[in-house]
1. Looking at (1) over 26 Å from residue 71 (Cβ atoms); (2) open to solvent by 40 Å² or more (accessible area, probe 1.4 Å); (3) within 16 Å of the ligand (Cβ to nearest atom); (4) more than 16 Å from the chain's Cα centre (by Cα), which is the one condition that is false for residue 155?
2. Out of everything in region 204-213 that is open to solvent by 10 Å² or more (accessible area, probe 1.4 Å) and within 16 Å of the ligand (Cβ to nearest atom), what residue ends up being nearest to residue 178 (Cα to Cα)?
3. In region 88-111, which residue that is farther than 21 Å from residue 233 by Cα and open to solvent by less than 60 Å² (accessible area, probe 1.4 Å) is nearest to the ligand (Cβ to nearest atom)?
4. Report, by residue number, each residue of region 128-147 that is more than 9 Å from the ligand (Cβ to nearest atom), open to solvent by 20 Å² or more (accessible area, probe 1.4 Å) and assigned to a helix (DSSP H, G or I).
5. Write out, first by first residue and then by second, each pair whose Cβ atoms fall under 8 Å of each other, whose residues are 6+ apart or on separate chains, and whose first residue, in region 207-236, is closer than 16 Å to residue 165 by Cα and modelled with pLDDT of 95 or more while the second is away from the ligand (no atom under 16 Å from the Cβ) and of a type in the set (D, E, K, R).
6. Here are the criteria: (1) more than 17 Å from residue 165 (Cα to Cα); (2) touching a residue at least 12 places away in the same chain (Cβ under 8 Å); (3) of a type in the set (S, T, N, Q). Tell me which single one residue 204 does not satisfy.
7. Residues of region 170-185 being open to solvent by less than 40 Å² (accessible area, probe 1.4 Å) and either touching an Asp or Glu at 6+ places or on another chain (Cβ under 8 Å) or polar (S, T, N, Q) (or both), which ones?
Amino acid sequence: MPQDVPDASANSMTEHFAAYGPIETSPLSRIQAATARAMVRNWATIPHVTHHDEVEITEPDRVIRGRRAAGGKHTLLAYLFKACVMALRDFPHFNASLDADGKMLILKRYVNIAFAVDTPQGLLTPVIRGCDEKAAEEIATEIEQVSSQAREKGLAYQQMEGGTFTISSLGGIGGTGFTPIINAPDVAILGVTRAQVRPVFEGNGVRPALMLPLSLSYDHRVINGADAARFVVAVGSHLVESCAE
Ligand code: CAO
């Protein structure tokens, strides 16, 4: 038997649920309400597909930890930004937007990466500009500064404009994969979840490998599945390259 769904007016819904037990109401923050509108628009208007893969980061993780121990700001996320910059150069149509009538692709020659920040007020997506011209250490410092500002004071609208590609990392929390919603006018977003050590069979032996799950949602009007699969493989290879000693 399907659930009885109340009509959408606020009074009708509170009355409906209150009939079954105590309730309380909590208004959405301004940021949550704006995010909700953008999510509905993007989910409803962009034909999303999400491609899931894992890339090995045993060596990059060792190198990043070593660099951090030697001093300076070195994080997996910042190196992932650099790996995405390189993969976006290989696949320029991932660093692009469709024009308003969906007939022309606008390719951007700069790389500004937006990233999701979980704040007490809701989700914010600041943009790190000129990622193609910055070193990983500089990007790591900027990620830390901007995400602290987002959590403590909020961000100016201009700090969230001009992105060309987005990364949403839940790696510090957990997960094995998810379906990130594209941050229009981008055509792709990379979701990152928690790296885990797994056994990898090689020849007659087995060795432990640190595997990073990546979930790429893409606009299927612009990107086909084969290129999405190649893009994620390229991110993994470039991560290894950018950490080569
Ligand atoms: N696998 C394993 N460990 C990871 C990891 C991964 N993929 N990513 C980060 N970590 C580790 C870090 O190395 C760090 O370890 P230490 O404490 O030992 O140094 C720890 O997890 C915490 O990392 P962090 O999340 O604080 O920092 P970050 O630079 O990786 O991420 C930020 C920064 C701002 C992206 C993150 O704090 C955040 O807000 N994430 C949530 C994004 C979000 O809400 N996305 C969903 C959007 S859709 O609703």
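1. With (1) over 26 Å from residue 71 (Cβ atoms); (2) open to solvent by 40 Å² or more (accessible area, probe 1.4 Å); (3) within 16 Å of the ligand (Cβ to nearest atom); (4) more than 16 Å from the chain's Cα centre (by Cα) applied to residue 155, the lone miss is (2).
2. 211
3. 97
4. 132, 133, 137, 138, 141, 142, 145
5. That search, which allows pairs on different chains as well, returns 231/90; 234/90.
6. Against the list (1) more than 17 Å from residue 165 (Cα to Cα); (2) touching a residue at least 12 places away in the same chain (Cβ under 8 Å); (3) of a type in the set (S, T, N, Q), residue 204 comes up short only on (2).
7. 182
Okay, residues lined up against (1) within 15 Å of the ligand (Cβ to nearest atom); (2) among the acidic types (Asp, Glu); (3) over 18 Å from residue 123 (Cα atoms); (4) crowded, with 16+ Cβ neighbours inside 10 Å:
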site	(1), (2), (3), (4)
168	yes, no, no, yes
190	yes, no, no, yes
195	yes, no, yes, yes
215	yes, no, yes, yes
242	no, no, yes, yes
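The values are calculated or read from the model by the stated rules, or taken from the named source; none is laboratory data. Keep in mind it's a predicted model, so treat the numbers as computed, not measured. Cβ sites come from the backbone with ideal geometry, for glycine too, and all protein chains shown count toward neighbours. What goes into the accessible areas is simple: the full protein's heavy atoms, side chains included, and nothing from ligands, DNA or RNA. Shrake-Rupley method; radii C 1.70, N 1.55, O 1.52, S 1.80 Å.
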